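**Student:** I have a structure here, written as structure tokens, and I will follow up with some questions on it.
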């Protein structure tokens with residue numbers, strides 16, 4: 001061991017010995033930490049309170065017809081460090097994008113000379129609770145509509161502006177800003193609107209459909225094995241209440257359709273286009289599975 | 001120029017070797033699982049346990065550690081816990097049973113098992129275009145992993 005040798009090497013190497021000792025003990029701490037996190041299975045018992053004010057519902061009784069007894073936010077499946085980032089809006093890296101969204105809200109675009117604020121005023125009032133109820137039924141298209149598509153509809157029909165392309169320009173920050181106005185509100189979809197139930201049914205079929213060479217469905221991991229580790233990742237229930245969510249892995253906000261596509265891709269399958277009927281149906285169903293959880297946007301995840 | 005000739009020769013040799021090899025390999029659709037076992041080697045030859053140990057850990061190949069912990073590979077960080085730990089798996093199953101589980105676990109355990117079949121074309125829908133008709137592992141890689149697993153005794 002270098003440590004023992006350093007001990008008999010006199011003054012000069014004293015510093016080196018200390019350094020070696022330090023790095024050895026750091027390594028011990030780090031590997032200890034890793035094993036601790038491997039041993040620690042299942043969701044944490046922690047409580048999520050944001051800015052010491054907003055008490056979040058991160059565990060709740062599942063809605064009728066849900067295959068699980070309890071609905072649990074993905075927050076519980078992350079490390080203590082990642083969980084801590086979400087408790088403080090100044091520390092939450094996703095809040096930068098929310099602030100960007102706030103600026104977009106006030107920015108005039110398009111031929112009609114309007115911003116979001118021109119019609120909707122103060123988002124903290126006009127958008128409070130709105131994001132918690134999306135996707136909603138859209139009579140015009142005869143389909144469910146999510147926040148991203150609602151923004152595009154407004155841009156085209158009311159602002160005379162180009163619709164945002166998937167995950168481009170202001171789409172993620174503005175969506176996050178709007179959903180953030182529902183922070184702490186329970187996710188609640190109205191499936192009695194239009195044909196929402198039909199889309200829910202279709203989404204459920206897709207949720208249980210195995211895809212790709214790896215032959216996995218959403219349910220295989222997120223229903224059957226949530227709480228277990230798949231390599232370094234801790235499988236969650238895959239709820240949608242925190243989207244767009246800040247993922248440390250990407251160092252950016254990630255939209256729900258991006259995550260759907262990523263998951264399906266990982267089964268080694270071809271994956272549907274963003275906002276396709278398949279992914280809209282999946283969004284309806286997956287969002288419903290998280291009914292009663294607080295909107296966490298922007299959640300912080302691994 | 002020299003390089004081109006050399007690599008040309010090398011690929012010709014590889015081609016020759018794989019053609020000779022392919023002759024004795026059992027195709028995925030022709031593997032007979034009987035009583036939860038596949039008694040004969042898929043390649044007609046025994047696998048290489050050392051290679052199998054690598055294939056087991058490689059995230060792009062077996063990626064077995066994603067779901068299974070095994071003390072023999074404790075140098076690798078983060079062993080999964082979705083499947084049972086594999087210490088002593090060579091005591092619990094025979095070589096022929098291990099081969100069958102690797103080939104198509106759904107035929108052995110149940111349709112609902114999370115474990116992918118590594119040498120089957122009975123897979124999910126919408127398979128990525130470039131992987132259609134391909135198995136996760138080759139017959140040779142399956143044999144290597146079988147050879148490795150059988151060394152895991154307690």
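Values quoted throughout were computed directly from the atomic coordinates according to the rules given, and no laboratory measurement underlies them. A quick note: this is a predicted structure, and the numbers were derived from the prediction, not measured. When we count neighbours, we look across all protein chains shown, and the Cβ atoms used for this are built from the backbone with ideal geometry, even at glycine.
**Student:** Running Debye on the stretch A:196-302 with equal point scatterers at the Cα sites and no solvent, what base-10 log of I(q)/I(0) appears at q = 0.17, 0.18, 0.22 Å⁻¹?
**Tutor:** With one equal scatterer per Cα and no solvent, log10 I(q)/I(0) is -0.82, -0.93, -1.44.
**Student:** Roughly what angle does helix A:14-39 make with the longest principal axis of chain A, taking Cα atoms, 0 to 90 degrees, to the nearest 10?
**Tutor:** Relative to chain A, helix A:14-39 is tipped by roughly 40 degrees.
**Student:** Provide a whole-number value for the mean count of partner chain Cβ atoms within 10 Å of the Cβ atoms in peptide A:215-223.
**Tutor:** So the per-residue partner count for this stretch is 4.
**Student:** Given the -39500 (n - 2.57) contribution per DSSP H run of 4+ residues, what per-residue ellipticity at 222 nm results for chain A, rounded to the nearest 500 deg cm²/dmol? It would help to have the intermediate numbers written out before the result.
**Tutor:** Working: 12 runs with 119 residues, N = 302.
The helix contribution divided over chain A gives -11500 deg cm²/dmol.
**Student:** In whole percent, what relative contact order does chain A give with Cα contacts below 8 Å and a gap of six or more residues?
**Tutor:** Once normalised by length, the contact order is 24 percent.
**Student:** Go ahead and set up a Gaussian network model of chain B, Cα springs under 10 Å, then flag whichever of B:48, B:91, B:126 fluctuates most.
**Tutor:** B:126
**Student:** Give me the inter-chain shielding for B:78-84: mean count of other chain Cβ atoms within 10 Å, whole number please.
**Tutor:** That average works out to 6.
**Student:** Turning to a different aspect of this structure: What ranking, highest mean first, results for peptides B:28-38, B:65-75 when packing means the other Cβ atoms within 10 Å averaged over each residue?
**Tutor:** Result, highest mean first: B:65-75, B:28-38.
**Student:** If we count other beta carbons within 10 Å of each Cβ, what is the order of A:282, B:137, fewest first? Don't jump to the answer; show the numbers that get you there.
**Tutor:** Numbers: A:282 26, B:137 21.
Ascending Cβ contact count within 10 Å gives the list B:137, A:282.
**Student:** Then there's this: Where both residues lie in the stretch A:191-302, what percent of DSSP beta bridges are antiparallel, nearest 5?
**Tutor:** Roughly 75 percent of the DSSP beta bridges within the stretch A:191-302 come out antiparallel.
**Student:** Report the calculated FRET efficiency for residue B:50 and residue A:55 (r = Cβ-Cβ distance, R0 = 41 Å), to the nearest 0.05.
**Tutor:** Plugging the Cβ-Cβ distance into 1/(1 + (r/R0)^6) gives 0.15.
**Student:** Principal axis lengths of the protein assembly as shown from Cα atoms, whole Å, largest first?
**Tutor:** On the principal axes, the protein assembly as shown reaches 73, 71, 60 Å in Cα extent.
**Student:** Let me ask something additional. Classify the stretch A:34-119 as rounded, prolate or oblate from the Cα gyration tensor: take a ≥ b ≥ c as the square roots of its eigenvalues, call it rounded if a/c is under 1.5, otherwise prolate when a/b beats b/c and oblate if not.
**Tutor:** Note, shape of the stretch A:34-119 comes out prolate.
**Student:** Moving on. Helix A:95-106 sits at what angle to the longest principal axis of chain A, using alpha carbons and giving 0 to 90 degrees rounded to 10?
**Tutor:** For A:95-106 against chain A, the angle is about 30 degrees.
**Student:** Could you work out how far the C-alpha centroid of the stretch A:162-234 sits from that of the stretch B:60-104, in angstrom?
**Tutor:** Comparing the Cα centres of the stretch A:162-234 and the stretch B:60-104, I get a distance of 31 Å.
**Student:** Shielding of A:227-238 by partners, i.e. mean partner chain Cβ atoms within 10 Å per residue?
**Tutor:** Mean partner shielding for this stretch: 4.
**Student:** Quick check on the exposure proxy: order B:64, A:119, A:263, A:221 from fewest to most C-beta atoms within 10 angstrom.
**Tutor:** Result, fewest neighbours first: A:119, A:263, A:221, B:64.
**Student:** Next question. Per the Cauchy relation, a quarter of the hull surface: what is the mean projected area of the convex hull of the alpha carbons in the stretch B:27-149, in nm²?
**Tutor:** On the way: hull surface 30.0 nm².
Averaged projected area of the stretch B:27-149's Cα convex hull equals 7.5 nm².
**Student:** Have a look at B:95, B:111, B:140 and tell me which one the Gaussian network model of chain B (Cα, springs below 10 Å) gives the largest fluctuation.
**Tutor:** Per the Cα network of chain B with a 10 Å cutoff, B:111 tops the list.
**Student:** How large is the convex hull of the C-alpha atoms of the stretch A:49-301 per residue, in Å³?
**Tutor:** 120 Å³
**Student:** List B:94, A:294, A:182 from most exposed to least, where exposure is judged by having the fewest other Cβ atoms within 10 Å.
**Tutor:** B:94, A:182, A:294
**Student:** Would you mind checking the tilt of helix B:2-24 against the longest principal axis of the Cα atoms of chain B, expressed as 0 to 90 degrees and rounded to 10?
**Tutor:** That helix lies at roughly 50 degrees to the long axis.
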